[in-house]
Each structure stands twice: as structure tokens, then as C-alpha cells.
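**Q** Mind having a look at this structure? Questions to follow.
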Amino acid sequence: MFVLYETPAGYAIFKLLDEKKVQEVDNLYLEFQTPEKANKLLKLKHFEKFNDTTEALAAATAAVEGKVSKPLKKTLKKLLNDEVQESLLVADAKLGNAIKEKFSVQCVYNTGVQELMRCIRQQADSLLGGLPKKEMTAMALGLAHSLSRYKLKFSPDKIDTMIVQAQCLLDDLDKELNNYMMRAREWYGWHFPELGKIITDNIAFVKTIKLVGTRENMAATDLSDILPEEVEEKVKEAAEISMGTEISEEDIMNIQCLCDEILSINDYRSHLYDYLKTRMMAMAPNLTVLVGETVGARLIAHAGSLINLAKHPSSTVQILGAEKALFRALKTKKDTPKYGLIFHAQLVGQASLKNKGKMSRSLAAKASLATRVDAFGEEATFELGASHKVKLEARLRLLEEGNLRKLSGTGKAKAKFEKYQAKSEVFTYQPEADSTLSAKKRKHSESGATDFTTPLKAPKVSDEDEENNEAPAEEASEDVKSEKKKKKKKNKNKDQEAPEETEAVVETPTPSKKKKSKKEKEQTDD
């Protein structure tokens, strides 16, 4: 029975001399108290050493995934060809199944094997021999670093983690700047409340406070570098008649320190934005050209990585960031959202309210293609993104103008333009529209004197009447109306005659047999 023991330096295969000892799990540690006892129970059969760290990393990843690596194949082929009937003790069940399929060797994995591996680890230096302890620890440390780097999927070429962290930090800086600016406006507003309404720009407001200090120094300070001339005049006029309270020098000193913090954060934010822009152009140039640096970085951060974003379909990219609204709409059976983070893209922002959904769907489809090219393409160019952006801008222009002739559609859309006829101002008489009866011939008794199966002929229009086409049309319509009235009167007369006949019949009932018998009796009596 053989024992497969995995080390950072290579694979070791031991020969188990006493198989009964493995069954005694509770007392097995007694056999490994000293190196001499351990050597009596186990004997080193073969040791396959790794050539370098990359080979050790490949073997470790294969063992994690439950596969047989190349060094292990070589080792097992050398030992197990002659002794096929021997069983192999393995520490991992997945690896044991893989070895069993490859070499048809019986692999054993149980609690006794786990205890045996633990005991071998205690006396590994004496059992292996020839490997110094320092070298073993150094190889273990190198393999641990390589394996952790592999698990984290660390790639020095495409580091999308840096983009995710930079975008998250940028959002945090925006929130902090907003909070600090609100605090500065409110704090200085007690001393000079009119300044906040005159200067709307936050950075100009902070620079003005830092340069001037209290409002008494406003008239003697030159603000031409910060503010335009008109705004500067308004500020100086408002400072003379301000309704604010008086503050001390210590108060204004603390306010100016807050202004210094705001300016320093703003400078770092601009520097971080430039870094994010260059990193996005290096990582995902096509996506950056389509949706912009900020939106592209937010999409990557929300998906987790560029590869994860590339695996998403375009419908998921479209609503990425609106998951709460999506599941709420599905739960309440209402309309699902049309856009998520992609709403802040420039192309969607330029569209009108009714076309934002169409543009977000089109942009998401092109963005998913661009992301796949950036993630899996070999050349880092932005030609695809630029061409798609031109097409999307043309589509947006057509949607906004309402011109559908250049859009690729079906034959029905083209036929609508061909069959379209403009309505003329002069109305002409159309005799085909007069006859609304069926084509079947009626009997003379049912239809009356006139036969309505024949269509009415339209009156001829002379050359003199061509200028005024409305007169013959009105005459023809009057003739048709009169004929219809005559027909209705005849039908009414027929309906009235029928009940009169029935009434006459009812008024002269036939005499009964009893009355006749009485008359006959009277006549006989006379």
C-alpha cells in the first residue's frame, strides 16, 4: 500500500510497511513520536521535485480543481505500472477519483488516512531527508504567494481593481465635498448671508472667503482673479449693507481652515479624475468612448470586473444599477425600468423624454459589444467605439427629427409613403360610394316600382360647371335623398295596410252553433 504525500517542493510517495497501524486511528500518533519509529512504519519510495515555482503553482491549482498534474502523472506511471494491484492512500477525494479514472488504481480516503497525513507532516523533515528546513519553508512561502495571486486573479496587464477603487473613492470625495460646502455656506452665512446668493459657484465662493476673511475687508480686496467684474461689484455693494452678525478673528480663522480643506480635496479630486480617465482609456477604450469615463467605471465597479461586465447581456447592462426598481416592478406587476447607470451617459442625456428608452437600449447593445472587445480583444484601439458612437448619434438625430425614411424597416413602412395621397381642397363627386346595397336582384313585388339594383348614374358635368364642382354634387345628393324617402314611405304604407286587413277580419266573427240552433227553434215555433 502506497501513500501519496503532497509538499511545496514536490510529490512524495511512501511505502506503508504495516497496514494494520492505519486502522488504529486513536493510537497512530504514538508511532510518530520519534523519527526512528516513523521510519519503521513508512519508507520513502520516490520523490518528484518541482523545477520552479510555476510548476509548483500548476500542480497546486490542479490539485485544488481535482485534476492530475504532469509531475504526478510521471511519478505514478513509474511506480504503478509494475504494481497495479497496490492501493494508494490519498488526502483529497477529488484527486483520488481523478487518479482512479486515469490509472485504474484503488484510492483510499477516510479518517485514518487523514490522521496518517497529519502524523507525516510532523515528521516530514526526517522522512523526506535531503531537503533542508530553510529551503522547504522558502518554497512553501513562494507557493503560497503564487497561489493567492492566482486566486485573486491578479494580472499586471489589466488591473480593473484599480478602476473600481478609484471610482468608489471619487464618489466618496464628491459626497464629502458636498457636505463640506454646505457646512461652509451655512457657517459663513451668519456673517455675510448675501454672498451665498450672489456667488453660486462653490469653488469661487470658498476662494473668496479665504482671500477676504470678514466682510469689512471686501471693499479693499481685489477679486478680479476669482470673480467677473459685474459679480465683484454686486459683492462689494452687498457687503456694505449686509444684515449678518459680527464674528471674531478666531471664528474666521476656523472658517478659512475649512476652506483650505475644501480646496485641497477639490485638487485631489481633479487629479484622481485624470488618473481614472487615463486608466479607463488603457483598460476599456471602446467603452470609454461610448459612455464616458465615469459611467464606464461605474458599470465595471457594479459588475465586479471588466470580464464580468463583458459576460452580461445587453439587457442586463441596460438596467445595471436599477435592480431594486426591477424586482419591485416584477413583484407589483408594473412596468420595468428602462435604464440604470447608463442613464447618465451623454447620448441618453441628449435624447428627449420619449426617446430615452430607445437610446438606452441601443447604447446598451453597443456598449456590451465594446466591452467584449476590450476584455477579450488583443489590440487596444477605440475604432469600434468611435464608429458605434457615430451611428448612435445619427439614430438619435433621426429619432428627434421624426424622419423614418432612412431607417431600415420592412416593406410596409415604405408602402405607406408610396400610397399616401394629399387631401385636395375641392371635393369631387364619387358615384361608387352611393350604392350600399348587395348585388343580388330582388323581385318586383319586394322592391316596388323602382329597381335599386342598378347603380345610380351621376349627372354629367358640363365644361361650364367644372369651375364649381360643388353644385352637381349637391344636386345628386338631393336626388338620392328624395328616392330614399319615397322608398321609406312605400314600406310604411305596406306595413299599415297589413294590420287594417287583420282588424277587419277580427270585427266580423263567425256565428257560433248555439245561436243558430236558437233561431231555428224560434222559426219552428212560429
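**Q** Between their Cα atoms, which of LYS175/LYS358; LYS175/LYS338; LYS43/LYS100 are more than 29 Å away from each other?
**A** Values: LYS175/LYS358 31 Å; LYS175/LYS338 27 Å; LYS43/LYS100 23 Å.
LYS175/LYS358, as the Cα separations exceed 29 Å there.
**Q** If you don't mind, there's one more thing I want to ask. Can you give the charge dipole size of the range 241-307 about its Cα centre, rounded to the nearest 20 debye, using +1 on the beta carbon of Lys and Arg and -1 on the beta carbon of Asp and Glu?
**A** Working: 4 positive and 9 negative charges, 173 e Å.
With only Lys, Arg, Asp and Glu charged at Cβ, the dipole is about 840 debye.
**Q** Shifting gears a bit: Need the full-extension length gain, TRP190 to LYS94, defined as separation in residues times 0.36 nm minus the C-alpha distance. One decimal, nm.
**A** Here the segment from TRP190 to LYS94 would lengthen by 27.3 nm.
**Q** Also, quick follow-up: Using a 1.4 Å probe on the protein heavy atoms only, what accessible surface does VAL289 show? Give it in Å² to the nearest 10.
**A** Per-residue accessible area (VAL289): approximately 30 Å².
**Q** Considering the dipole of the range 147-257 built from charges on the beta carbon (Lys and Arg +1, Asp and Glu -1) around the Cα centre, which of SER224, GLY196, CYS257 is farthest to its positive end?
**A** Farthest towards the positive pole: CYS257.
**Q** Right, here's the next one. Can you sort THR7, THR294 by 1.4 Å-probe accessible area, starting with the largest? Present the calculation step by step, with values, prior to reporting the outcome.
**A** Details: THR7 15, THR294 40 Å².
Final ranking, largest accessible area leading: THR294, THR7.
**Q** Add +1 for every Lys or Arg and -1 for every Asp or Glu among the other residues with Cβ under 9 Å from the Cβ of ALA351, and state the total.
**A** +2
**Q** Let me ask another. Express the accessible area of the range 14-79 per residue in Å², computed with a 1.4 Å probe while the remaining protein chains stay in the model.
**A** That works out to 62 Å² per residue.
**Q** Any chance you could run the full-extension gain for ASN254 through ASN217? It's 0.36 nm times the residue separation minus the Cα-Cα distance, nm to one decimal.
**A** Extra length available between ASN254 and ASN217 comes to 11.6 nm.
**Q** Additional query: Using a 1.4 angstrom probe on the protein heavy atoms only, line up THR75, THR161 by accessible area, largest first. Working shown, then result.
**A** Values: THR75 0, THR161 80 Å².
So, going from the largest accessible area down, we get THR161, THR75.
**Q** Could I ask something else about it? Are any of the pairs LYS324/LYS389; LYS207/LYS277; LYS77/LYS102; LYS21/LYS73; LYS37/LYS94; LYS311/LYS391 more than 20 Å apart by Cα-Cα distance, and if so, which?
**A** Correct reply: LYS324/LYS389; LYS207/LYS277; LYS21/LYS73; LYS37/LYS94; LYS311/LYS391.
**Q** Now, a different point. In terms of solvent-accessible area of protein heavy atoms at a 1.4 angstrom probe, what is the ranking of HIS46, HIS191, highest value first?
**A** Per-residue accessible area, sorted high to low, gives HIS46, HIS191.
**Q** Determine the sum of side-chain charges near LEU131: Lys and Arg each +1, Asp and Glu each -1, restricted to other residues whose C-beta is under 12 angstrom from that of LEU131.
**A** Numbers: positive: LYS49, LYS133, LYS134; negative: ASP125, GLU135.
Once positives and negatives cancel, what remains is +1.
**Q** Could you work out how much longer the chain between SER126 and GLU65 gets when fully extended? Use 0.36 nm per residue separation minus the Cα distance between them, nm to one decimal.
**A** Roughly 18.9 nm would be gained on extension.
**Q** While we're here: Report the relative contact order of the range 191-344, percent, no decimals, based on alpha-carbon pairs under 8 angstrom and at least 6 residues apart.
**A** Contact order relative to length: 18 percent.
**Q** Please work out how much accessible surface ILE319 shows to a 1.4 Å probe, ignoring ligands, DNA and RNA, in Å² rounded to 10.
**A** That residue has around 30 Å² of solvent-accessible surface.
**Q** Just the accessible area for SER315, please: 1.4 Å probe, Å², rounded to the nearest 10?
**A** 70
**Q** Around ALA59, what is the net charge, scoring Lys/Arg as +1 and Asp/Glu as -1 over all other residues with Cβ under 13 Å from its Cβ?
**A** Result for the local shell: -1.
The values are calculated or read from the model by the stated rules, or taken from the named source; none is laboratory data. Every value quoted in this text rests on a predicted model; they were computed, and no experiment measured them. No Cβ is skipped: glycine too gets one built from the backbone with ideal geometry, and neighbour counts run over all protein chains shown. For accessibility, only protein heavy atoms count, side chains too; no ligands or nucleic acids. Shrake-Rupley method; radii C 1.70, N 1.55, O 1.52, S 1.80 Å.
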